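S.K.: One structure follows; several queries about it will come next.
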Amino acid sequence: MILVTGAAGYIGSHFVRYYLKQNPDSGLVAVDNLGLGNVLSLDQTNPNLHLYKVSIGDRAAVDKIFASHKIDAVVHFAANAYVGESQSKPFKYFENNVCETLRFLQSMQQAQVQKIVFSSTCATYGNPCYVPIDENHPQKPINTYGSTKLMIEEALRALALSVQVKYVCLRYFNAAGADPDPTEGQEIGESHEPESHLIPLALSAALNSDKKNQRLKVFGDDYATADGTCVRDYIHVNDLAEAHCLALKLLNSDSFSGDVEESNRLGLALNLGTAHGASVKEVIAAVESVTGKAVPYDLVARRPGDPPSLVADYTKAAQVLGWQPKFDLRQTVESAYNWELKRRY
Ligand SMILES: NC(=O)c1ccc[n+]([C@@H]2O[C@H](COP(=O)([O-])OP(=O)(O)OC[C@H]3O[C@@H](n4cnc5c(N)ncnc54)[C@H](O)[C@@H]3O)[C@@H](O)[C@H]2O)c1
């Protein structure tokens, strides 16, 4: 049985659904304090799903969960993930992303659970020295959110040195899209409050073009990119879910030995992206093409700390996991659009 933290969040809920479909005979313990996630994103009629409304840093409650189930591995999504908020409230991020995770790792250690897949991010790289970005790129985050994720990567490396954990850090680029094959009435998708991601914001602007406050903001068009707007790598959330399943499989294999260049460590880090960058204007064009509606937008000043281009080199994930992203930008936008039309939460 696996334990999933942040299971009621956007990526966590997609992973839970994907995993339970792939492993219909396996149990899954979902831990989420529901501070940000939505309980409707989890199918509570599934007898294999055991949901606990608990904070991951609550040692007593988490120790009890580990004692009540035979947990073999953890998939750790729980975190706060707003870059802007992390700058204005850094200690909220240190507490939730770092302190809570460290206490959770202690619970894992006490329960003698060694294997963990950790949600890391391209934000740990900071301003890119080169693009596409591979895993050897220097990690110099330029915001507190990225720093907190790097701190946990470092904690896992340190613990792996004393062979207390075996880990895979998955550094996602921009997660996007929704499960394209939802059971009627069970649709899941992206629902952040406030929403800060481009695709749902562009869809919302297209679908609410009569509302002035829903207009999309485009932050700068004078970057050194083909059309002047920022370029990002949009990876479908189900492609992420598949990579997590493969990472768990890898951790379970006898041959797992971590990075070759770090042969004494039982851990590795992998980028997850598509290797294709799309500019803000290209995303707007894709949303307009999929919805058949114009995306009203205002061009505003650059945001501090937005690098011109972030694109993944995912060669290592392809080699180590045998993983390939399946969704292109149009399919990702289509799935997000279908969710917007049927949004339940
Ligand atoms: N969305 C992206 O594009 C992206 C990119 C890179 C990395 N990530 C990482 O992926 C993970 C999931 O992101 P998301 O977009 O699904 O976020 P989300 O906010 O939708 O989900 C996070 C979930 O974790 C829960 N949570 C937070 N702190 C908790 C705690 N202390 N105890 C228990 N539950 C807690 C929240 O209630 C929520 O359900 C995060 O770790 C994030 O940093 C996301």
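Values quoted throughout were computed directly from the atomic coordinates according to the rules given, and no laboratory measurement underlies them. From a predicted model like this one, the values you see are computed outputs, not experimental measurements. No Cβ is skipped: glycine too gets one built from the backbone with ideal geometry, and neighbour counts run over all protein chains shown.
S.K.: Points 7 angstrom from Cα along the Cβ direction at Lys342 and Asp25: gap in nanometres?
M.R.: Going from the Lys342 label point to the Asp25 one covers 3.0 nm.
S.K.: Identify the chymotrypsin sites (Phe, Trp or Tyr not before Pro) of segment 89-168 meeting these criteria: DSSP loop state and at most 16 other C-beta atoms within 10 Å of the C-beta.
M.R.: On the way: sites: Phe91, Tyr93, Phe94, Phe104, Phe118, Tyr125, Tyr130, Tyr145, Tyr167; in loops: Tyr125, Tyr130.
Passing both the DSSP loop test and the Cβ count: Tyr130.
S.K.: Going toward the positive end of the dipole of the chain, with +1 on Lys and Arg Cβ and -1 on Asp and Glu Cβ, which of Gly37, Gly126, Ser191 do you reach last?
M.R.: Projecting each Cα onto the dipole axis, the largest value belongs to Gly37.
S.K.: Report the convex hull volume per residue for segment 199-345, counting only C-alpha atoms, in Å³.
M.R.: 147
S.K.: For the chain, what is the percent of antiparallel DSSP beta bridges, rounded to the nearest 5?
M.R.: Values: 2 of 41 bridges.
In the chain, DSSP labels about 5 percent of beta bridges as antiparallel.
S.K.: Could you give the size of the charge dipole of segment 171-248 about its Cα centre, using +1 on the Cβ of each K and R and -1 on the Cβ of each D and E, expressed in debye and rounded to the nearest 20? Walk me through the numbers before you get to the answer.
M.R.: Details: 6 positive and 14 negative charges, 83 e Å.
Around 400 debye, computed over segment 171-248.
S.K.: Per the Cauchy relation, a quarter of the hull surface: what is the mean projected area of the convex hull of the alpha carbons in the chain, in nm²?
M.R.: On the way: hull surface 66.0 nm².
Computed as one quarter of the Cα hull surface, the answer is 16.5 nm².
S.K.: Once you list every other residue whose beta carbon is under 11 Å from the beta carbon of Tyr297, what net charge do they have if Lys and Arg are +1 and Asp and Glu are -1?
M.R.: Working: positive: Arg215, Lys217, Lys281; negative: Asp221, Glu288, Asp298.
Here the count lands on 0.
S.K.: With viscosity set to 1.567 mPa s and temperature to 4 °C, compute the Stokes-Einstein D of segment 81-225, Rh being the Kirkwood radius across alpha carbon pairs; µm²/s, no decimals. The partial results should precede the final answer.
M.R.: Values: Rh = 18.0 Å.
Rounded to a whole number, D works out at 72 µm²/s.
S.K.: Charges at C-beta only: +1 for Lys and Arg, -1 for Asp and Glu. How large is the resulting dipole of the chain about its Cα centre, in Debye rounded to 20? Please report the intermediate quantities before stating the final value.
M.R.: Details: 32 positive and 39 negative charges, 129 e Å.
Value, rounded to 20: 620 debye.
S.K.: With point charges of +1 on the Cβ of Lys and Arg and -1 on the Cβ of Asp and Glu, referenced to the Cα centre of the chain, which listed residue (Asn46, His244, Val300) lies farthest in the positive direction of the dipole?
M.R.: Asn46
S.K.: What are the semi-axes of the equivalent ellipsoid for segment 92-169, taken as the square roots of 5 times the Cα gyration tensor eigenvalues, largest first, in whole Å?
M.R.: Values: eigenvalues 119, 45, 13 Å².
Value: 24, 15, 8 Å, ordered largest first.
S.K.: Say the dipole of segment 208-308 comes from +1 at the beta carbon of Lys and Arg and -1 at that of Asp and Glu; which of Tyr223, Val287, Phe256 then lies farthest toward its positive end?
M.R.: Among Tyr223, Val287, Phe256, the one farthest towards the positive end of the dipole of segment 208-308 is Val287.
S.K.: Sticking with this one: Would you grab the residues whose amide H sits under 5 Å from the one on Ala175? Only those 5+ places off in sequence or on another chain, please, with H modelled 1.01 Å from N.
M.R.: Here Ile235 satisfy the definition.
S.K.: A follow-up question, please. About its Cα centre, how strong a charge dipole does segment 199-240 have in debye, to the nearest 20, once Lys and Arg get +1 and Asp and Glu get -1 at the Cβ? If you can, show how the numbers build up before the last one.
M.R.: Working: 5 positive and 6 negative charges, 65 e Å.
Computed about the Cα centre, the dipole is about 320 debye.
S.K.: Around Tyr130, with a cut-off of 15 angstrom between Cβ atoms, what is the net charge of the other residues, counting Lys and Arg +1 and Asp and Glu -1? Working shown, then result.
M.R.: Values: positive: Lys140; negative: Asp134, Glu135, Asp233, Asp313.
Neighbourhood net charge equals -3.
S.K.: While we're here: Select from the chain the helices, each a whole stretch of DSSP H, whose alpha-carbon atoms run 24 Å or more along the helix axis and whose Kyte-Doolittle mean is at least 0.5; answer none if there are none. Intermediate results must be reported in sequence, preceding the final value.
M.R.: On the way: long enough: 144-161 (25 Å, 0.43).
Membrane-span-like by this criterion, though nothing is claimed about a membrane: none.
S.K.: Amide H neighbours of Val74 under 5 Å, at least 5 residues apart or on other chains, H built in the peptide plane: list them.
M.R.: Leu3, Lys115, Ile116, Val117
S.K.: Now a separate question. Cross-chain or 8 or more residues apart, Cα under 19 Å: how many lysine pairs in segment 1-159 fit that? Count them up, please. If you can, show how the numbers build up before the last one.
M.R.: Values: Lys53/Lys64; Lys53/Lys70; Lys64/Lys115; Lys70/Lys115; Lys89/Lys149; Lys92/Lys149; Lys115/Lys149; Lys140/Lys149.
Taking segment 1-159 as the scope, the lysine pair count is 8.
S.K.: Using only the Cα atoms of segment 160-219, what semi-axes does the equivalent ellipsoid have when each is the square root of 5 times a gyration tensor eigenvalue? Give whole Å, largest first.
M.R.: Details: eigenvalues 238, 67, 15 Å².
Working through the eigenvalues yields semi-axes of 35, 18, 9 Å.
S.K.: Normalise the Debye intensity by I(0) for segment 273-345, one equal point scatterer per Cα, no solvent, then take log10 at q = 0.20, 0.25 Å⁻¹ and round to two decimals.
M.R.: With one equal scatterer per Cα and no solvent, log10 I(q)/I(0) is -1.04, -1.15.
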